[in-house]
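These notes are about the structure you will find just below.
Since every read-out is calculated from the coordinates, none of them should be taken as a lab result. Every value quoted in this text rests on a predicted model; they were computed, and no experiment measured them. A quick note on method: Cβ atoms are made from the backbone with ideal geometry, for glycine too, and the neighbour counts reach across all protein chains shown.
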Amino acid sequence: MKPLDDPHISAQSEKTVDYIWFFLFFIGDYSFYIFCILSKTMLKKATLRGVMEMGRSVTPTLYIRLRKQVKIAGRDPIRLGQVAQIITEPELEQTLLEQVVYRPADQDGNLLLIDMMRIVKAVKQQFPDMSVECFGQPHTIVEITGQSRRPNKALVVCVWLLLFFGSGLAIMNFHEDVSMPEVHRRIYELITGKPSAHPYILQIPYSLGIGAGMILFFNHLFKKKLNEEPSPLEVEMFMYQENLNQYVVAQEYAKMQQKSDAP
């Protein structure tokens, strides 16, 4: 046996001790690294869980935009999905779309005004904690229509004949008032140098031009529209509808004010 004070044994012992310390340091460092990763993962899961719980505890919000005007057949209950577009939590959307906002009565007539106050009241009855955000106009006009009837063909033919002959007589009377035949004869004489009682070379293109001008003016050839530009008739009909809607809104608000002031 070698003595304990042998330099070779001392060097080997120190080397073994160094290996042991290195191994312990490596194990400790690796354990610390694993601990940090696990802690980070657990913290992330806890944070995500807290955010989800916080999101569940937040008051639900309903974003709503009322339609300008809608038509409803019969006097069935008017639902929110019929008069508005909504955005809310997916699990609440279908329930809100089916929410009844008004039940029409016979004395209401065929035009109704549904405003945001009525809608908010109906929504709050179902979801008291829901917040409602409105975009656009605060009311919509509901037109209650009956059963659609097929048009009477005899009546359509009568109206068509009335308009056809009426417009033709109007054009003829206008031409007679401004002496259009005499103007055509004078223009023909100025161009050709010869008088003519019936200058058809001017009258026929003029007559065709009237029809072509009407087609271009109203931007319609039967049911076909020539381009996307609205015709003057469509603009006038739009302005008439806008004025009619404003009148209906004013009258309905006046009726609502009278009902609220009544004892």
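Within the stretch 88-150, the trypsin sites (Lys or Arg not before Pro) that combine a DSSP coil assignment with at most 13 other C-beta atoms in a 10 angstrom radius are Arg149.
Restricting the stretch 182-263 to chymotrypsin sites (Phe, Trp or Tyr not before Pro) that sit in a DSSP loop and have at most 13 other Cβ atoms within 10 Å of their own Cβ leaves Phe222. Neighbours of Gln69 by Cβ distance under 12 Å: Lys/Arg scored +1, Asp/Glu scored -1, total +1. Here, the stretch 224-263 yields an orientationally averaged convex hull projection of 3.5 nm² when only Cα atoms define the hull. Remark: the stretch 59-211 is approximated by an ellipsoid whose semi-axes, taken from the C-alpha gyration tensor as √(5λ), come to 63, 20, 12 Å, largest first.
The simple Förster model, with R0 at 22 Å and r as the Cβ-Cβ distance, assigns Glu91 and Met256 a FRET efficiency of 0.05.
In summary, the convex hull built on the alpha carbon positions of the stretch 159-263 has an orientation-averaged projected area of 11.9 nm². Near His220, the amide H atoms lying under 5 Å from its own belong to Leu226; only residues 5 or more places off or on other chains count, and H is placed 1.01 Å from N. Pairs with C-alpha atoms separated by more than 32 Å, drawn from the list Lys124/Lys259; Lys223/Lys255; Lys71/Lys124, are Lys223/Lys255. As a rough guide to protection, the peptides 137-143, 223-229 ranked by mean Cβ packing within 10 Å, highest first, stand as 137-143, 223-229.
Between Val157 and Ile210, the simple label model (points 7 Å from Cα in the Cβ direction) yields a spacing of 2.6 nm.
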